[in-house]
Amino acid sequence: MYNLYLNSELTFIPQVFSLSLSGSYSKNDNDVSDSENISATANLNFYMAKFFKQKIQPKLVFSGRYQESSYDGMTNDDLAFFMQLTISF
């Protein structure tokens, strides 16, 4: 069994705009069946608390995700994009 996970964040404007990247890979080889999984995610994060003087803390995230899995020669893949708004106070 093999596992790998990477995670990083790059800040363009502190406390306002950043890019988060993460990815994972796993592989399982055995006598009965073989499986492999790949996942990658990218998030553009826009923190808006400074615009509301820290009274409320909205965060807007644009995300993209890719997932691929294979099991005994059959492969599935998925690509998704979405937007999320979170408000804290």
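The values are calculated or read from the model by the stated rules, or taken from the named source; none is laboratory data. Everything numeric in this text was worked out from a predicted model, so none of it was measured. Cβ: placed from backbone, ideal geometry, glycine included. Neighbour counts: every protein chain shown. Protein only, heavy atoms only, side chains kept; ligands, DNA and RNA dropped before computing areas. Shrake-Rupley method; radii C 1.70, N 1.55, O 1.52, S 1.80 Å.
Checked against the criterion of being at pLDDT 95 or above and of a type in the set (S, T, Y), the stretch 30-39 has at least one qualifying residue.
Just one of the numbered conditions (1) modelled with pLDDT of 95 or more; (2) closer than 29 Å to S88 by Cα is not true of Q67: (2). Is it the case, given these coordinates, that S24 is of a type in the set (S, T, N, Q), closer than 17 Å to T86 by Cα and surrounded by 14 or more Cβ atoms within 10 Å (Cβ to Cβ)? Here the answer is no, as S24 does not meet what is asked. The set of residues in the stretch 30-81 being in a strand (DSSP E or B), closer than 29 Å to F17 by Cα and open to solvent by 90 Å² or more (accessible area, probe 1.4 Å) consists of F62, L79, F81. Those residues that are assigned to a strand (DSSP E or B) and among the hydrophobic types (A, V, I, L, M, F, W, C), I need them from the stretch 1-29; list them, please. If the condition is that a residue be assigned to a strand (DSSP E or B) and among the hydrophobic types (A, V, I, L, M, F, W, C), then L4, L6, L10, F12, I13, F17, L19, L21 are the ones that fit. One residue alone among F17, F12 is more than 17 Å from the chain's Cα centre (by Cα) and at pLDDT 95 or above, and that residue is F12.
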